[in-house]
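Scroll down for the structure; my scribbles are underneath it.
The values are calculated or read from the model by the stated rules, or taken from the named source; none is laboratory data. These numbers were taken from a predicted model, which means no experiment stands behind them. Note that we place each Cβ from the backbone using ideal geometry, even for glycine, and neighbour counts take in every protein chain shown. Side chains are part of the model used for accessible areas, which takes the heavy atoms of the whole protein and leaves out ligands, DNA and RNA. Shrake-Rupley method; radii C 1.70, N 1.55, O 1.52, S 1.80 Å.
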Amino acid sequence: MSLTDILSPSDIAAALRDCQAPDSFSPKKFFQISGMSKKTSSQLKEIFQILDNDRSGFIEEDELKYFLQRFECGARVLTTSETKTFLAAADHDGDGKIGAEGIKLFIYR
């Protein structure tokens with residue numbers, strides 16, 4: 001399964017265009033433009049599994065910096081500042097990683 005099985009390729013492209021410049025990434029805005037914020041809990045779990053590159057059940061900081069590249073291989077990496085801000089916002093228990101439930105809570109709030 002790929003992200004384009006769940007999200008529209010044109011919505012993904014628009015979301016990536018919106019954050020092309022370094023330090024312009026806003027997770028909430030990206031989730032809205034890409035259509036992720038309109039997906040069901042089950043669909044978000046599928047998306048999370050695709051984004052969890054090492055299949056650990058969590059997205060850690062080292063994976064998170066490549067977040068945009070999971071949507072398109074030529075996309076830029078997140079800056080250190082963007083990565084840390086994203087992690088801090090979605091890591092609800094402070095363990096330094098984001099679980100599937102944590103990302104759903106972040107998207108839906």
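Using +1 at the C-beta of Lys and Arg and -1 at the C-beta of Asp and Glu, which of Leu44, Gln69, Ala14 has the Cα lying farthest in the positive direction of the dipole of the chain?
Ala14
Taking only complete DSSP H runs, can you tell me which helices of the chain stretch 24 Å or more along their own long axis by Cα positions and average at least -0.5 on the Kyte-Doolittle scale?
The answer is none, since no helix passes both cut-offs.
Roughly how many Å is it from the Cα centre of segment 1-31 to that of segment 32-66, as a whole number?
12
Accessible area per residue for the chain in Å², computed with a 1.4 Å probe and the full protein assembly in place, what is it?
53
State, as an integer percentage, the relative contact order of the chain based on alpha-carbon contacts under 8 Å between residues 6 or more apart.
It comes to 25 percent, rounded to a whole number.
Compute log10 of I(q)/I(0) for the chain with the Debye formula, placing one identical point scatterer on every Cα and leaving out solvent, at q = 0.10 Å⁻¹, to two decimals.
-0.23
If you consider only alpha-carbon coordinates, what radius of gyration and Dmax does segment 49-109 have, in Å?
10.9, 32
In deg cm²/dmol, rounded to 500, what helix-only [θ] at 222 nm does the chain give when every DSSP H run of at least 4 residues adds -39500 (n - 2.57) and the total is split over its residues?
The per-residue figure over the chain is -13500 deg cm²/dmol.
Comparing Asp11, Asp23, Asp91, which has the greatest mean-square fluctuation in the GNM of the chain with Cα pairs linked when under 10 Å apart?
Among Asp11, Asp23, Asp91, the largest mean-square fluctuation in the Gaussian network model of the chain belongs to Asp23.
Place a +1 charge on the Cβ of each Lys and Arg in the chain and a -1 charge on the Cβ of each Asp and Glu, then give the dipole magnitude about the Cα centre in debye, rounded to the nearest 20.
420
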